[in-house]
Amino acid sequence: MAVNHERLLALQLPDHECAWTQRDCQLYALATGFGQDPLDERELRYLLEGPGFLVSPTNAITLYYDDRWMRESGVDLAMSLHGEQRNIFHRPIPPDGRGRVSSRITGIYDKGAGRGLLVVCEQVLRDAATGEPLATNIITNFARADGGIGFSSGTAPAPHAMPTRAADVVVEGVTRPEQALAYRLCGDRNPLHADPATARAAGFSRPILHGMCTYGFAARAVLQAACGYDPRRLRTFGARISAPVYPGDVLRTEIWQDGEVVSFRTSVPARDNVVVINNGRADVIASG
């Protein structure tokens, strides 16, 4: 059955409530590569309790999990991929908090029969007590089996253009063999990332790393290279998830900075430099 675009754009879901603690934020930091050098005091601020504790901005992705919009969309979930992710950070995330999340479909882009359908969902995380926005989560789902509905809500956003010069900075991060088992404790329990039989059935030799874990590794690299590890300086962060990562892969993030615009791309050198995060863009502000 074809996706009904009118129903999808009019979809209204009740707000979703959530809560988190400092422990959740510490687990996310550990699961996305912070603390690989346990003597680096800049990274330890994301892991150790104390008055200087910091929360990685992309932690906002895992503070709640509300996929009802996907189940209500009518797309073939078995043939759908998390194609792109973008975040807007309105204010620092507190290490302990309660939130309320609102979700709505903001875009539908038909690529044509046999070419798939893009469905964009915007989720806003607000402080439950004050109603102030903390972060906006923009998800692009690539429904590979649902193209050809004959409707687009506009022109699909173009990917961020990457610089052609050599990278200004390169940051490496090492994923551990058990990385996906750690990241799944942040909320995404998809067996594709943990169960060998499920991974084989999906065409992979073994479980793959969550795309959002790779995304978190890239965010850590940008925080290090362009923000001096200060999460307040990172205002937006987004990229395409372009290829899978296997736990144990070394990730190489190339970073270009042009004023307040930071471009980035992540690859796996040991696998012919396959690009796993592409067309990345972050907006940063000056310190102080």
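The values are calculated or read from the model by the stated rules, or taken from the named source; none is laboratory data. The model shown is predicted, which means the values in this text are computed figures rather than measured ones. Because the Cβ atoms are built from the backbone with ideal geometry, glycine has one as well, and the counts that use them run over all protein chains shown.
Tabulated results
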read-out: Yes/no for ALA197 being touching an Asp or Glu at 6+ places or on another chain (Cβ under 6 Å) and either outside the structural domain of GLY116 (by TED's automatic domain parsing) or not hydroxyl-bearing (Ser, Thr, Tyr) (or both); value: no
read-out: Residue satisfying condition, being of a type outside the set (Ser, Thr, Tyr), touching a strand residue (DSSP E or B) at 6+ places or on another chain (Cβ under 9 Å) and more than 23 Å from THR140 (Cα to Cα), within set GLY238, GLY228, GLY248; value: GLY248
read-out: Unmet requirement for VAL222, which otherwise passes all of (1) part of a helix (DSSP H, G or I); (2) touching a helix residue (DSSP H, G or I) at 6+ places or on another chain (Cβ under 9 Å); (3) touching a residue at least 12 places away in the same chain (Cβ under 8 Å); value: (2)
read-out: Selection count, region 91-118, where residues are surrounded by fewer than 16 Cβ atoms within 10 Å (Cβ to Cβ), outside any strand (DSSP E or B) and modelled with pLDDT of 95 or more; value: 4
read-out: Qualifying residue in region 150-170 (condition: crowded, with 20+ Cβ neighbours inside 10 Å, among the hydroxyl-bearing types (Ser, Thr, Tyr) and not assigned by TED's automatic domain parsing to the domain that holds GLU43); value: no
read-out: From TYR229, TYR183, residue being in a helix (DSSP H, G or I) and either modelled with pLDDT of 95 or more or out of contact with any Asp or Glu (no Cβ under 9 Å at 6 or more places or on another chain) (or both); value: TYR183
read-out: Matching residues, region 36-53, being modelled with pLDDT under 95 and either outside the structural domain of ILE93 (by TED's automatic domain parsing) or within 17 Å of TYR183 (Cβ to Cβ) (or both); value: GLN36
read-out: Some residue of region 182-190 being without any contact (Cβ under 8 Å) to a residue 12 or more places away in the chain and either surrounded by 17 or more Cβ atoms within 10 Å (Cβ to Cβ) or closer than 30 Å to ILE108 by Cα (or both); value: yes
read-out: Subset tally (residues that are of a type in the set (A, V, I, L, M, F, W, C) and either without any contact (Cβ under 8 Å) to a residue 40 or more places away in the chain or in contact with a strand residue (DSSP E or B) (Cβ under 9 Å, 6 or more places away or on another chain) (or both)) for region 1-28; value: 9
read-out: Residue check, TYR64 in contact with a strand residue (DSSP E or B) (Cβ under 8 Å, 6 or more places away or on another chain) and of a type in the set (Ser, Thr, Tyr); value: yes
read-out: Matching residues in region 119-149 - criterion: being β-branched (Val, Ile, Thr) and surrounded by 16 or more Cβ atoms within 10 Å (Cβ to Cβ); value: VAL119, VAL120, VAL124, THR136, ILE138, ILE139, THR140, ILE149
read-out: Residue list for region 141-172, filter: assigned to a loop (DSSP other than H, G, I, E, B) and among the acidic types (Asp, Glu); value: ASP146, ASP168
read-out: Matching residues, region 26-35, being under 18 Å from GLU172 (Cβ atoms) and either of a type in the set (Ser, Thr, Tyr) or outside the structural domain of LEU63 (by TED's automatic domain parsing) (or both); value: THR32
read-out: Identity of the residue in region 233-269, under 20 Å from TYR183 (Cβ atoms) and small (Gly, Ala, Ser), that ends up surrounded by the fewest Cβ atoms within 10 Å (Cβ to Cβ); value: GLY248
read-out: Options CYS227, CYS186: the member that is closer than 22 Å to VAL101 by Cα and outside the structural domain of ASP110 (by TED's automatic domain parsing); value: CYS186
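Here's the yes/no breakdown for (1) touching a residue at least 60 places away in the same chain (Cβ under 8 Å); (2) within 29 Å of ASN279 (Cβ to Cβ); (3) surrounded by 12 or more Cβ atoms within 10 Å (Cβ to Cβ); (4) of a type in the set (S, T, N, Q):
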position: LEU48; (1), (2), (3), (4): no, no, yes, no
position: GLY52; (1), (2), (3), (4): no, no, no, no
position: GLU72; (1), (2), (3), (4): yes, yes, yes, no
position: SER80; (1), (2), (3), (4): yes, yes, yes, yes
